[in-house]
Amino acid sequence: NAGVTQTPKFRILKIGQSMTLQCAQDMNHNYMYWYRQDPGMGLKLIYYSVGAGITDKGEVPNGYNVSRSTTEDFPLRLELAAPSQTSVYFCASSYSWGSSYNEQFFGPGTRLTVL
Amino acid sequence: AQTVTQSQPEMSVQEAETVTLSCTYDTSENNYYLFWYKQPPSRQMILVIRQEAYKQQNATENRFSVNFQKAAKSFSLKISDSQLGDTAMYFCAFMTALQGAQKLVFGQGTRLTINP
């Protein structure tokens, strides 16, 4: 299994540009998440999905959009990039059923710089 | 809303020493999970140890152990016989045990350096 994969690894955007960060997992996990990590800080949840076709906002959703058309993929869309979106973006996935806990597996991250 | 606070931005110890990282959290819930994650320079998030709030016994994973004080809402990580490979950022994290809400809330992190 490749686990959680993210593309690209690095990207530089100009203010106002748009892009999509790709995330895929091959573990048949139903839950997927997007986090951002600002320099010197912990991760903050942007959006999450509990299954194909179902998404919900996390702590910091403004400026982002997501979709989940398949179990495997969970792309994150940035519209009108701003310098405040300069961050490292992590995708994660887990298999969750009821209230039982299952480990979240993280991708390697995408470092995004908006200039 | 839950919050997680790590009051030590940086720590530094000599190899083979024992080091303790502090974490406090705030929640009104009774059932939840607590975690310590390690983030080395590679940026990969690695789960170190987890604790279920309903368990009184402190979790242990090899050289890593926690001191979970539920009433005080404190969750510290002890690393024994520290190794150079333990150098990393360490994040404390909280997750509610409510059904369907598997969201992690992270602290600000502690940068740990192990010196030879």
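The values are calculated or read from the model by the stated rules, or taken from the named source; none is laboratory data. Computed from a predicted model, the values in this text were never measured in an experiment. All Cβ positions, glycine included, derive from the backbone under ideal geometry; neighbour counts span all protein chains shown. Heads up: the accessible areas ignore ligands, DNA and RNA and are worked out on the full protein's heavy atoms, side chains in. Shrake-Rupley method; radii C 1.70, N 1.55, O 1.52, S 1.80 Å.
What the table below lists for this structure:
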read-out: Index of the failed condition, residue B:67 passing every other in (1) away from chain A (no Cβ under 13 Å); (2) buried (at least 17 other Cβ atoms within 10 Å of the Cβ); (3) closer than 23 Å to residue A:102 by Cα; value: (2)
read-out: Top-ranked residue in the stretch A:92-107 [being outside any loop (DSSP other than H, G, I, E, B) and not hydrophobic (A, V, I, L, M, F, W, C); ranked as farthest from the other protein chains (Cβ to nearest Cβ)]; value: A:93
read-out: Of all residues making up the stretch A:66-91, the number that are within 19 Å of residue A:30 (Cα to Cα) and part of a strand (DSSP E or B); value: 5
read-out: Strands (runs of 3 or more DSSP E) enclosed by the stretch B:28-116 - at least 3 residues per element that are in contact (Cβ under 8 Å) with a residue 12 or more places away in the chain and closer than 27 Å to residue B:15 by Cβ; value: B:32-39, B:46-52, B:64-69, B:74-79, B:88-96, B:110-115
read-out: Every residue from the stretch B:71-105 that is open to solvent by less than 10 Å² (accessible area, probe 1.4 Å), more than 14 Å from chain A (Cβ to nearest Cβ) and under 20 Å from residue B:42 (Cα atoms); value: B:82, B:86
read-out: Residues located in the stretch A:19-32, provided they are more than 11 Å from chain B (Cβ to nearest Cβ) and either surrounded by 17 or more Cβ atoms within 10 Å (Cβ to Cβ) or under 17 Å from residue A:83 (Cα atoms) (or both); value: A:19, A:20, A:21, A:23, A:24, A:25
read-out: Yes/no for residue B:60 being out of contact with any Phe, Trp or Tyr (no Cβ under 9 Å at 6 or more places or on another chain) and either open to solvent by 10 Å² or more (accessible area, probe 1.4 Å) or aromatic (Phe, Trp, Tyr) (or both); value: yes
read-out: The stretch A:4-18 - residue that is surrounded by fewer than 17 Cβ atoms within 10 Å (Cβ to Cβ) and among the hydrophobic types (A, V, I, L, M, F, W, C) and, of those, farthest from residue B:111 (Cα to Cα); value: A:15
read-out: Every residue from the stretch B:21-43 that is touching a strand residue (DSSP E or B) at 6+ places or on another chain (Cβ under 7 Å), open to solvent by 60 Å² or more (accessible area, probe 1.4 Å) and not charged (D, E, K, R); value: B:24
read-out: Condition check for residue B:50: within 11 Å of another protein chain (Cβ to nearest Cβ), touching a strand residue (DSSP E or B) at 6+ places or on another chain (Cβ under 7 Å), open to solvent by 70 Å² or more (accessible area, probe 1.4 Å) and not β-branched (Val, Ile, Thr); value: yes
read-out: All positions within the stretch B:8-20 that are part of a strand (DSSP E or B) and surrounded by 13 or more Cβ atoms within 10 Å (Cβ to Cβ); value: B:11, B:13, B:19, B:20
read-out: Residues being open to solvent by 60 Å² or more (accessible area, probe 1.4 Å), under 21 Å from residue A:113 (Cα atoms) and either touching a Phe, Trp or Tyr at 6+ places or on another chain (Cβ under 9 Å) or modelled with pLDDT of 95 or more (or both) - total across the stretch A:33-58; value: 2
read-out: Odd one out for residue A:71, checked against (1) under 11 Å from the mean Cα position of the chain (by Cα); (2) open to solvent by less than 50 Å² (accessible area, probe 1.4 Å); (3) away from chain B (no Cβ under 12 Å); value: (1)
